[in-house]
1. Just name the residue that is nearest to A:S377 (Cα to Cα) out of those in region A:331-367 that are among the aliphatic types (A, V, I, L, M) and either touching a strand residue (DSSP E or B) at 6+ places or on another chain (Cβ under 8 Å) or surrounded by fewer than 20 Cβ atoms within 10 Å (Cβ to Cβ) (or both).
2. Select from region B:237-281 the residues that are crowded, with 24+ Cβ neighbours inside 10 Å and among the polar types (S, T, N, Q) and write down the one among them that is nearest to the other protein chains (Cβ to nearest Cβ).
3. How many residues does region A:342-390 hold that are within 14 Å of another protein chain (Cβ to nearest Cβ) and among the basic types (K, R)?
4. Hey, among the residues in region A:112-146 that are free of Cβ contacts under 8 Å to residues at least 12 places away in the same chain and in a strand (DSSP E or B), which one's farthest from the chain's Cα centre (by Cα)?
5. Go through B:A328, B:A311 for me and flag whichever is over 13 Å from B:R254 (Cα atoms) and assigned by TED's automatic domain parsing to the domain that holds B:A257.
6. Checking A:R393 against (1) within 14 Å of another protein chain (Cβ to nearest Cβ); (2) over 23 Å from the mean Cα position of the chain (by Cα), only one condition comes out false. Which one?
7. Show the residue pairs meeting these rules: Cβ distance below 6 Å; 6+ apart or different chains; first residue within region B:314-330 and surrounded by fewer than 24 Cβ atoms within 10 Å (Cβ to Cβ); second residue assigned to a helix (DSSP H, G or I).
8. Can you name the number of the only condition in (1) more than 13 Å from every other protein chain (Cβ to nearest Cβ); (2) at pLDDT 95 or above that B:G305 fails?
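The values are calculated or read from the model by the stated rules, or taken from the named source; none is laboratory data. All values reported here derive from a predicted model rather than from experimental measurement. Counting neighbours? That spans all protein chains shown, and the Cβs are built from the backbone with ideal geometry, glycine included.
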Amino acid sequence: MTDPTEDSVRSDVRAWLKDNWDPSLGLVEWRLKLCESGWGAPHWPRQWYGRDLPVKFNAIVDEEFARIGAIGVAKAGIRTLAAATILAHGTDLHKEKFLKRILTGEDTWCQLFSEPGSGSDMAGAVTRADKQGNKWIINGQKVWTTSAHKAHWGLLLARANWDVPKHKGLAYFILDMKQPGVQVHPLRQMNYHASFNQVFFTDAIVEPEFLVSDVGDGWTVATTTLMHERRGADGLRSWAQATDAKGRIYEEERAEIATTMEPYKWYPQRAGRVDLVVSRARETGKITDPVIRQEIARLLCMSKASEWTARRARAAQDQGRPQGPEGSLGKLASSNVARQAARVHTYLTGSDALLSGKDSPMDGVIAEILVSVPATSIAGGTDEIQRNIISERVLKMPKEPSVDTTKPFKDVPRNIVSS
Amino acid sequence: MKFSFTNEQEEFRSGVRRALEARSPTTEVRRLMATEAGFDRAGWKKLNQELGLTALLIPEAYDGAGFGFGELGIVLEEMGRNLLCAPFFSTAVLATTAILNAGTEEQKKALLPRIAAGEITATLAFSEESGLNDAASVTTTAATSGATWRLEGTKSFVLDGHTADLIVVLARRPGSKGDDGLSFFTVEGTAQGLERTLLKTMDETRKMARLTFNGVEARLLGTEGAAAAPFARTMQQIVVCLANEMVGGAERLREDALAYVKMRMQFGRSIASFQTTKNKAADMLVDVEMAKSAAYYAAAALDEGDDDLPAVASLAKATAAEAYLQTAIHAVQMHGGIGFTWDNDTHLWFKRAKSSEILFGDANHHRELMMRNWKH
């Protein structure tokens, strides 16, 4: 067999779509066909619903789907991370049981990593996994869990051994979320939304076959999940654009997108809405105020330079050059932009910035910006962690001497809670 | 818009960097900055002949190399990195852009080949003692009697004005105001009635002069009374060029400060292992990379004739100004006491950061210009 080329992939997928695409099918029915043919996840192994194609051809397959308005497999949400983790570390049983229902969108997943006591220090998790008979019994609490209230399954990082250093005592499980030992409560944020959950485990049970990693390798598996989380952020944005095409399958997809995107609806405000600034300055008449003009210009400088820095990083990548430092700075730069944008929106809005909801300008959007921006410098890696990553990985500066990586985890100090 | 350098451009950069590292170590910078001329004529001629630097932007029709602002930006960035003491910015940027923007075909043919060959140094005199950078603040007058023009007035902050062989001067018709009545002229550095005074500058690597014109004979460059548009174009180009020079200096400061903290031990450990130092180093990297992106974008915008240009030029200058100075402040701080000494080289770039921040308009000035020209 000859190696696939761009042209051969394009003509193969085109021919298959011509014979099979049928918008009158149900969403799951159609996606089952995708699983059978491998065109839903062409870079996956043939044995597991893929076609063993190099990942670079995905863009061509996506183009051909988009060209005729064909719908792809369910991609958004934590299910993508689950699939990547299971493909890399799961057993055949896991692959058999979960992968197809991930692709069809029938199962929803959540990621049970962060805890109230371990945010940036995720390897410091204290949710317990104790073996009783051949089952694992889970006790503890997770937090910042997107979609936990809807999820069928959870990717769980828990401590199974307290007598070894922290990274060594973790195990990685697939947890059935629909059981009495799992309780999910919404977590209300300072901007009134509740996009995340707190998950409480009281003697929740994991069957032995749902252990993904041996005890001690949980951290390695979690690293795989996190790596895909970072890559997935871009995919989510491009996927989540529903079409207004008519037909049953499109309606089902629209409903799926609406559910998946619900937690993210305030995210544009979180980034500061730089796009609104100049028009708001004109509408409010503040565009003539020399002090405010300076602040707007500062914001535009930061926002444009940050956009161009991302373009430089992409251009270097497209040319196959090793990534320069410009590729690691986006997260930190976006915090700076968001903060300056919130400052400018406050100046532009004046006293009306005291108001909230319908009484605030633009039907509450301005108020929502002001109370959502603080999330930018925390979510997905705090500014402090970003600076550590930049200084250690890019600038090769030494790590701070660590006090918790060699001693048994049970001897590591934890949060001081006053009685 | 182009967002990366080609392999040829990267090779060009390496070549320029190697040459400048050999020619302009800080010992040489310190030697030259202490001289009145501020550069060594023979050494500069040799370097320029080897690399053909002053010919870069000049079209082939005038014996130049016909490259764009992308390539010029690379050279300037490398010069900013090495603090080259030479009349390059004055000759190859200021005078060259003014002549290209304003001169007639005949004048370009007469003047540019000599610049391209490195035979003469040149500069542009527009600022006066007010220190302002806009056309309206020009008070130097040019009066004509027959075919002869004579200049009256004082120019100041003129880069390499005390040594330039050729001076392009912005002057106005007596009684005219604002953008009206402005013309460019050329004057020989040795002209009768021209008094050149070297100014004592805070940044000794960047020499400036006050030029007093007492009825100095001058030649009109381009069309009489129509210099406002070419001057505006020239200003855009020179601030983009300066921004590119600035990011080279900022990156050098950042690298040197990083190397220093990695070597320095206190309290029994590398000071580079303290988070307070690491946070600063990370922020410096963000500042410098953002400023580089803006400077590169603006240079590409000049080459591609981008519509957003006036705004983008000011954006690049304002961004570079803040980034360079902030990097310099951090760099001194990261060196600690030694960073405040004369013998340590940090102050050479600190002062260059300060002079570049102000030259051709500070960040506030350019943010305001940017807002006036913002189209979106």
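1. Taking region A:331-367 as the starting set, the residues that turn out to be among the aliphatic types (A, V, I, L, M) are A:332-333, A:337-338, A:341-342, A:344, A:348, A:353-355, A:362, A:365-367.
Retained after the next criterion (residues that are either touching a strand residue (DSSP E or B) at 6+ places or on another chain (Cβ under 8 Å) or surrounded by fewer than 20 Cβ atoms within 10 Å (Cβ to Cβ) (or both)): A:353-355, A:362, A:365.
Working: A:A353: 22, A:L354: 23, A:L355: 24, A:M362: 25, A:V365: 20 Å.
Across region A:331-367, the extreme among qualifying residues is A:V365.
2. Filtering region B:237-281 for residues that are crowded, with 24+ Cβ neighbours inside 10 Å and among the polar types (S, T, N, Q), the one nearest to the other protein chains (Cβ to nearest Cβ) comes out as B:N244.
3. 1
4. A:Q132
5. B:A311
6. Failing condition for A:R393: (2).
7. Short answer, once both residue conditions are applied: B:E322/B:A363; B:L325/B:A353; B:L325/B:E357; B:Q326/B:D287; B:H330/B:K280; B:H330/B:M284.
8. (2)
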